[in-house]
Structure formats: structure tokens, C-alpha cells
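Here the structure is laid out as C-alpha cells; the discussion comes afterwards.
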Amino acid sequence: MNRLLEGALNTFFPERFNCFMCDKEAFVDAGGLCPSCAKKLCRCSSPANLEGLDGIAARWRFDDLTAQAVHRLKYSGAKYLCRPFTSGIKLPENWAPDAIVPVPLHKKRQRARGYNQSALLAKELGALTGIPVREDLLKRVTDSKSQTRLTPAEREKNMRGAFAASADASGLTLLLLDDVLTTGCTVKACARALKSAGARGVYAYCIFIHPILM
């Protein structure tokens, strides 16, 4: 069957797959979403910038629906989600980053989980955009406690001195990539470390953003 005919058949007679967002079997659209998730998914407009960053952008709102998918990626080994999470991302044209830097996990936490979901997302985005991924430019040097139940002030304190950047970041424009932006404390701490190492500019892109920052 030629590709043109196959594409036409898939358009009019879609196959049943699991929706990547809710993980339920359904007739999904070209983006892998069931009709319910396609209707509920809230795309993010440009959020307000955060101190220390030269720009920030996010794809979708973090809510009860998207939290399920994030949990599967981070704790249930659903690495396949990285592709639908990043496919279709278009970075602002004026950013022009030299490299993508995933927000790192402490080596102890990464060893326990088996992978860093932000690094997997960065590799997918790098393949999509042609921008190189540089995991060597930023390291997590303290095994800070989980931020899930911390207040914004506690999160700020928890992130102090949590990251160290390589001198190789000097003169580069960098794009931080993370899965969820909740208060912004983590990406701000990353940006401080990179700029202290001489980075020319630091932008941040997160797949999901908490409504308080939208």
C-alpha cells in the first residue's frame, strides 16, 4: 500500500490506540490524543518571565489530567511519552540557543529511578530541532528533599546551591528543559548557576506549567 493511500485510510478509518495522555484505549487523533483529552488539554500562552531567565515558554497546563501522564513518565518507566510530549514544539525564533541543557537529577536519585526524564525529553527535542544536548554543562550537587509539599519560600531555600555549572557554559546561549514548571525555583537556580559560569543567555522551556504561573 503506498503512503498516500495509507494516510487517507488512517484519516477516515483511524485505528484504536491508547491515548498518550490518559492511557485509555480510544480512537486517537494524529497527535495521539483521544477526543476527551484533545478537548480538555489546555495549551499555554506565554507565561510571565522569571527572574534570572531571558525567556520562558511552556506547552500545556499542569492539571489533574496531565499529572497522570507526568507521573507515568517519572515513576512508571513510560519513556515513550517523551516523543508525543515534544513533537510539534516550536521554540521562539529569537531564542537561538547553542545547546539544550536538561534540568539534572542528583546522581543518587537518578540511580534509583534509572533515568532523568528531562534528559530524555531534551534528546527528543534535540533530534526534532537539530540543537545539541549538553548534559555536561550542569550538575545537581546536592540531594535536596522532594519539593512536592514545600511552600514557594521553602522551595527557594531548598534550591540554594543545588546546581553547579561547567566553565564550558561560558559565552553560550542555553535552553533549559524540564518536564513541569511549578513555582520556577528549580529553573531559576539552574539559570543562576549557568550565568555564574559565564553563559551569555539562559531560556527555559517546560512541557507543563502550573496554573499559578500562567
Residue within the range 197-206 that is closer than 18 Å to ALA67 by Cα and of a type in the set (Phe, Trp, Tyr) present: yes
Within the range 90-104, residues assigned to a loop (DSSP other than H, G, I, E, B), of a type outside the set (Val, Ile, Thr) and open to solvent by less than 30 Å² (accessible area, probe 1.4 Å) come out as TRP95, PRO97, PRO104
Return the residues of the range 163-214 that are within 14 Å of ASP136 (Cβ to Cβ) and charged (D, E, K, R); say none if nothing qualifies. ASP168
Sort out which residues of the range 43-62 are modelled with pLDDT under 95 and not in a strand (DSSP E or B), and write them in order of number. CYS44, SER45, SER46, PRO47, ALA48, ASN49, LEU50, GLU51, GLY52
Looking only at the range 71-119, which residues are hydrophobic (A, V, I, L, M, F, W, C) and within 21 Å of LYS188 (Cα to Cα)? LEU91, TRP95, ALA96, ALA99, ILE100, VAL101, VAL103, LEU105, ALA119
Restricting to the range 26-47, count the residues that are open to solvent by less than 50 Å² (accessible area, probe 1.4 Å) and farther than 19 Å from ARG83 by Cβ. 3
Filter result for the condition that a residue is modelled with pLDDT under 95 and crowded, with 17+ Cβ neighbours inside 10 Å, over SER144, SER118, SER87: SER144
List every residue pair whose Cβ atoms lie under 7 Å apart, where the two residues are 6 or more positions apart in sequence or sit on different chains, the first residue falls within the range 105-126 and is part of a helix (DSSP H, G or I), and the second residue, located anywhere, is loosely packed, with under 15 Cβ neighbours inside 10 Å. LYS108/ASP143; ARG109/ASP143; GLY126/PRO132
Quick check on this structure: which one of LYS40, LYS24 is touching a strand residue (DSSP E or B) at 6+ places or on another chain (Cβ under 8 Å) and modelled with pLDDT of 85 or more? LYS24
Taking the conditions exactly as written (modelled with pLDDT of 95 or more, open to solvent by less than 40 Å² (accessible area, probe 1.4 Å) and either closer than 26 Å to GLY77 by Cβ or among the polar types (S, T, N, Q) (or both)), does SER166 satisfy them or not? yes
The residue that is nearest to ILE209 (Cα to Cα), considering only those in the range 69-79 that are in a helix (DSSP H, G or I) and touching a residue at least 24 places away in the same chain (Cβ under 8 Å), is VAL70
ALA197 meets each of (1) modelled with pLDDT under 95; (2) more than 14 Å from the chain's Cα centre (by Cα); (3) crowded, with 17+ Cβ neighbours inside 10 Å with one exception, condition (1)
Limited to the range 48-83, what total is found for residues that are among the hydrophobic types (A, V, I, L, M, F, W, C) and open to solvent by less than 20 Å² (accessible area, probe 1.4 Å)? 11
I need a count of the residues in the range 170-194 that are among the β-branched types (Val, Ile, Thr) and open to solvent by less than 10 Å² (accessible area, probe 1.4 Å). 1
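The values are calculated or read from the model by the stated rules, or taken from the named source; none is laboratory data. On a predicted model such as this, the values are computed, not experimentally measured, just so you know. Don't worry about glycine lacking a Cβ; one is built from the backbone with ideal geometry, like all the others, and counts go over all protein chains shown. In case anyone asks, the SASA skips ligands and DNA or RNA and just uses the protein heavy atoms, side chains included. Shrake-Rupley method; radii C 1.70, N 1.55, O 1.52, S 1.80 Å.
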